[in-house]
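Have a look at the structure below, then the notes.
Read the figures in this text as sums done on the coordinates, not as results from a lab. Bear in mind the structure is a predicted one, so any value in this text is a computation, not a measurement. All Cβ positions, even for glycine, are placed from backbone atoms using ideal geometry, and neighbour counts span all protein chains on display.
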Amino acid sequence: VTAEGGTTLAAKPAGSGTTYETLLVTTEDDITTIKLNRPAKKNAITTEMYNDIIAALEQAAKDDSVITVITGAGDFYCSGNDLSNFTKIPEGGVDEMAKQGGDLLRKYVKAYIDFPKPLVAVVNGPAVGISVTVLGLFDLVYATDRATFHTPFSQLGQSAEGCSSYTFPKIMGSAKASEMLLFNKKLTAAQACGLGLVTEVFPDSSFQSEVWSRLKAYAKLPPNSLALSKQLIRSMEKDRLHAVNNAEVERLMERWTSDECFNAVMSFFQAKAKL
Amino acid sequence: VTAEGGTTLAAKPAGSGTTYETLLVTTEDDITTIKLNRPAKKNAITTEMYNDIIAALEQAAKDDSVITVITGAGDFYCSGNDLSNFTKIPEGGVDEMAKQGGDLLRKYVKAYIDFPKPLVAVVNGPAVGISVTVLGLFDLVYATDRATFHTPFSQLGQSAEGCSSYTFPKIMGSAKASEMLLFNKKLTAAQACGLGLVTEVFPDSSFQSEVWSRLKAYAKLPPNSLALSKQLIRSMEKDRLHAVNNAEVERLMERWTSDECFNAVMSFFQAKAKL
Amino acid sequence: VTAEGGTTLAAKPAGSGTTYETLLVTTEDDITTIKLNRPAKKNAITTEMYNDIIAALEQAAKDDSVITVITGAGDFYCSGNDLSNFTKIPEGGVDEMAKQGGDLLRKYVKAYIDFPKPLVAVVNGPAVGISVTVLGLFDLVYATDRATFHTPFSQLGQSAEGCSSYTFPKIMGSAKASEMLLFNKKLTAAQACGLGLVTEVFPDSSFQSEVWSRLKAYAKLPPNSLALSKQLIRSMEKDRLHAVNNAEVERLMERWTSDECFNAVMSFFQAKAKL
């Protein structure tokens, strides 16, 4: 499950992993870092990139690192699902597109649910859509004070994924979660931290240095104890999370073939074209 | 399931619904508003009013509106269960009263659990008892800074309902929930917001204008996406909520026939009579 | 199930219970107080003390008191598991030690899960390890502003217990819980209160007087209503809590026999010896 085949792997220098078109993956100081690397597109996730992230997570699960980090290149953390994914209609039409999209999404979220080591989000800028909803599946979420958190699903005629329909009400209660998941409320980093979605917020000027010095210290802790403790915490609700993931994907596949969603996404592209 | 029969419905002008003795129900801008309308009694809920609210929710579930709002007329949101309900002993005695009360309560809370669209509480003043406990079943809770939240169950020898024995610990943790549900702690609006029971607090002077302009904007979002997203979130725990409702009602029926509860309610009426 | 046999009990003056080597147990104003009483050792919990606390909780469950309080003598609330417990290797070796330790821990946490009355922690100073993790099983947690909350499991090659792997993510969300349970983050009282682990924080100078006057008032509420309401809230997740307790103990028994844990505990003793 590598992007460029096993020979590439063997040719790599120590301390780095497989190379991906859309990601920068490195291992240093017992930390594997998966950096989303389409800064010109605000790290929007294409179909290829979903597959790359799944592969990178599978590799990180097996390597010798203690902690795995996901972060973004450039000013954005991640602008969510690349809506151009909706414009590549396969031979089977919209139904086939929904099926393929659903299968990929299910597999993508599953990779987070099943991830066996501490998983840390280093949120270096604004986060949108699925890059926000999966945060409930991370163990730590550090954010720059420039970060924002936005899940505009209903605006696009869609519905929540990434297990957020379960994790967000659990983390912040339904009165707060619904304003995000139903009504597109955008949170500041401080608000997201107050609600428990974010572990801690740092001033942007010292964000990278503070976060990485802390993570390097954490990565020196007994690795089995960390991994087994994380699995213990996650095991309490793993079956539940898989069931939630399946239910969310079912709902979204129905949404993607609805007129309501089609019209909402079309409006989005038209508004964008006018700019 | 209407208060005055189907013919009344047909005779109504557009934009309004069935008429009720104890409620004002209107539909405007894709929002159905159920206003508790016994301001002289601080909107305390009588047996008739429980039935009216159940009927109004069933009607709102089926009408064309996108969002449903519950609010109160006058200075109070709702002072909870009208304790005069306890003074109308039916022919079967206290046991029969407990049975009838339990059946009604179960049906009342069920109407909230099963409500299929976004449900919003516009808390225009103090809220007491069951008007507080069902808040965990709403999707948004907006409160004026004049609002307070009080559930004095143990003081009356009773126990929690409205699924609060499950939703409150989930929203705020058991250390905070128990002080409300066991020890009658009254919260300010700001405290309730900090704990996640309330979505946002507004200054009383601008409360109505700010809340309604926001709700009108929300009601223009794709309606199926909103309803299906809400159902998705709720579906994760629907069976659980029904089980909790049943357990709470069982416990309360036992409480209502206990000497402890009888004495506590008598003390309440005596203290009131002395004022 | 008393520490010194039934005859001791009969000889006690009214208002006090069984005597224990490691605890002070008193009943006054309808409140039974279990005070950890090894102040010279910061109330670290020895094997004997685990058994004493279990016995004291079983007794408090049956006595006439309305509320049960756990607190500490001296400046500390409790420094957690007495690590000298690990130095008393029984005849069967490390495996037997792990088995006996696991059985005791399971029984200890079970006593909290099954406790039938309102249980209050009066946290009079720093709290460490298992004295922190079981807080999710209390109904109220009052803390002096001198208190801190620290669970350094991974530092010692161990893993979370006291049902904290379930209750902490439920109370504060996984992004906050993991920093405590995986990465040894120490919280101030104010931070623990903000996250919902603590009900309320008081200035140290007025801590005892404010807390006890409040508890005395609470203890005058209808006792059945309090106990039954607490049981109602707890019943929603009792099976879950027992399953979590079992899973945590299994994991810890494995940890205790691991080289990683052995080396981490040895390092702890060596660092201590150097002071």
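Tabulate in residue order the Karplus-calculated ³J(HN,Hα) for the range C:172-185, using 6.51 cos²θ - 1.76 cosθ + 1.60 with θ = phi - 60°, rounded to whole Hz; enter x for Gly and Pro.
Karplus-based 3J(HN,Hα) across the range C:172-185 equals 10, x, 6, 5, 8, 4, 5, 5, 6, 7, 9, 10, 6, 5 Hz.
Could you work out the mean count of beta carbons from other protein chains within 10 Å of each residue's beta carbon in A:131-138?
Partner-chain Cβ atoms within 10 Å, mean over residues of A:131-138: 1.
Rounded to whole angstrom, how close does the nearest chain A beta-carbon get to the axis mapping A onto C, and which residue is it?
Taking Cβ atoms only, the nearest residue and its distance are A:Lys170, 4.
For A:Glu254 and A:Asp29, compute 0.36 nm times the residue count separating them, minus their Cα-Cα distance, and round to one decimal in nm.
Taking A:Glu254 through A:Asp29 to full extension adds about 76.6 nm, to one decimal.
List the residues whose amide H sits under 5 Å from the amide H of A:Thr148, counting only those 5 or more places along or on another chain, with H placed 1.01 Å from N in the peptide plane.
A:Ala127
In whole Å, what are the extents of the range A:56-188 along the principal axes defined by its C-alpha atoms, from largest to smallest?
43, 37, 30
Name the lysines eligible as straight-distance cross-link partners of A:Lys185: C-alpha to C-alpha under 19 Å, and not fewer than 8 places from it in the same chain.
A:Lys170, A:Lys176, B:Lys117, B:Lys216, B:Lys220, B:Lys230
On the first, second and third principal axes, largest extent first, how far apart are the outermost C-alpha atoms of the range B:123-183 in Å?
Each principal axis gives a Cα extent; for the range B:123-183 these are 28, 23, 18 Å.
Treating only the Cβ of Lys, Arg, Asp and Glu as charged (+1, +1, -1, -1), what charge dipole size does the range B:55-131 show about its Cα centre? Round to the nearest 20 debye. Intermediate values should be presented prior to the final figure.
Details: 7 positive and 10 negative charges, 35 e Å.
It works out to roughly 160 debye.
Give me the inter-chain shielding for C:215-226: mean count of other chain Cβ atoms within 10 Å, whole number please.
On the way: counts 1, 0, 2, 6, 0, 0, 9, 13, 3, 9, 14, 7.
The mean count of partner-chain Cβ atoms within 10 Å per residue comes to 5.
I'd like the mean, over residues of B:183-196, of how many other protein chain beta carbons sit within 10 Å of each residue's own Cβ.
3
Using a cut-off of under 20 Å, list every residue of the range C:111-132 whose amide N is near the label point 7 Å from the Cα of C:Gln208 along the Cα-to-beta-carbon line.
Taking a point 7 Å out along Cα→Cβ of C:Gln208, the residues of the range C:111-132 whose backbone N falls under 20 Å are C:120-127.
If you scale each eigenvalue of the Cα gyration tensor by 5 and take the root, what three semi-axes come out for the range A:147-247, rounded to whole angstrom and sorted largest first? Show your work: numbers first, answer last.
On the way: eigenvalues 150, 96, 22 Å².
The three semi-axes for the range A:147-247 are 27, 22, 10 Å.
Relative contact order of the range C:162-204: what whole-number percent is it, with Cα pairs under 8 angstrom and at least 6 residues apart?
On the way: 23 pairs, mean separation 13.4, N = 43.
RCO, the range C:162-204: 31 percent.
Highest GNM mean-square fluctuation, chain A, Cα pairs closer than 10 Å: which of A:Val123, A:Val25, A:Val94?
It is A:Val94.
Helix C:223-235 versus the longest principal axis of chain C: what is the Cα-based angle in degrees, 0 to 90, to the nearest 10?
Taking the Cα atoms of chain C, the angle to C:223-235 is about 30 degrees.
For the range A:26-121, which semi-axes, largest first and in whole Å, follow from the square roots of 5 times the eigenvalues of its Cα gyration tensor?
Details: eigenvalues 144, 55, 15 Å².
Semi-axes from the Cα gyration tensor: 27, 17, 9 Å.
On the principal axes of its Cα set, how long, how wide and how thick is chain B? Give whole Å, largest value first.
On the principal axes, chain B reaches 52, 45, 41 Å in Cα extent.
Over all Cα pairs of the range B:79-141, how is the pair count split among 10 Å bins, expressed in % and running from 0 up to the last occupied bin?
Binned Cα distances yield the sequence 18, 42, 28, 11, 0.
If I take every Cα pair under 8 Å that is 6 or more residues apart in chain B, average their sequence separation and divide by the length, what percent do I get for the relative contact order?
Working: 489 pairs, mean separation 48.4, N = 275.
Reported as a whole number, the value is 18 percent.
Can you list the equivalent-ellipsoid semi-axes of the protein assembly as shown, largest first and in whole Å, using the square root of 5 times each Cα gyration tensor eigenvalue?
Equivalent-ellipsoid dimensions as semi-axes: 42, 42, 20 Å.
Please give the net charge around B:Ile54, taking every other residue with its beta carbon less than 9 angstrom from that of B:Ile54, where Lys and Arg add +1 and Asp and Glu add -1.
Once all neighbours under 9 Å are counted, the net charge is 0.
Report Rg (one decimal) and Dmax (nearest whole number) for the range A:19-64, counting Cα atoms only, units Å.
Rg and Dmax of the range A:19-64, Cα atoms, are 10.8, 32 Å.
Could you pull out every one of the aspartates and glutamates with an alpha carbon less than 13 Å from that of B:Lys42, ignoring same-chain neighbours closer than 8 positions?
The qualifying aspartates and glutamates are B:Asp75, B:Asp82.
Run the helix sum for chain B: -39,500 (n - 2.57) per DSSP H stretch of 4+ residues, divided by residue count, reported at 222 nm to the nearest 500 deg cm²/dmol. Present the calculation step by step, with values, prior to reporting the outcome.
On the way: 11 runs with 130 residues, N = 275.
So the calculated ellipticity at 222 nm is -14500 deg cm²/dmol.
Kindly write out, for the range B:77-87 in residue order, the coupling ³J(HN,Hα) from the Karplus curve 6.51 cos²θ - 1.76 cosθ + 1.60 (θ = phi - 60°), rounded to whole Hz, with x marking Gly and Pro.
6, 6, 8, x, 4, 6, 5, 5, 4, 6, 8
In degrees from 0 to 90, rounded to the nearest 10, what is the angle of the helix A:238-256 Cα long axis to the longest principal axis of chain A?
It is inclined by approximately 30 degrees.
Any idea what the relative contact order of the range C:121-196 is, in percent, if you count C-alpha pairs under 8 Å spaced at least 6 apart?
It comes to 34 percent, rounded to a whole number.
Using packing as a proxy for protection, rank A:52-61, A:141-150, B:199-208, B:33-42 so that the peptide with the highest average count of other Cβ atoms within 10 Å comes first.
A:141-150, A:52-61, B:33-42, B:199-208
What does the charge count around B:Asp30 come to, taking other residues whose C-beta lies under 11 Å from its C-beta (Lys +1, Arg +1, Asp -1, Glu -1)?
-1
Report the charge-dipole magnitude of the protein assembly as shown in Debye, nearest 20, computed about the Cα centre from +1 at each Lys and Arg Cβ and -1 at each Asp and Glu Cβ.
Dipole about the Cα centre, nearest 20: 1020 debye.
Shortest first, in nm, what separates the label point of B:Pro203 from those of the same position in the other copies (7 Å along Cα→Cβ)?
3.1, 3.1
Once label points are set 7 Å from the Cα along Cα→Cβ at both B:Phe268 and A:Glu91, what is their separation, rounded to one decimal in nm?
Rounded to a tenth, the inter-label distance reads 7.1 nm.
Using alpha carbons only, how many angstrom separate the centre of the range C:181-235 from the centre of the range B:76-139?
28
What size of dipole, in debye to the nearest 20, comes out for the range A:116-275 about its Cα centre when the only charges are +1 on Lys and Arg C-beta atoms and -1 on Asp and Glu C-beta atoms?
On the way: 17 positive and 14 negative charges, 78 e Å.
Here the size comes out at about 380 debye.
Just to confirm the number: angle between the C-alpha axis of helix C:207-218 and the first principal axis of chain C, 0 to 90 degrees, nearest 10?
That helix lies at roughly 50 degrees to the long axis.
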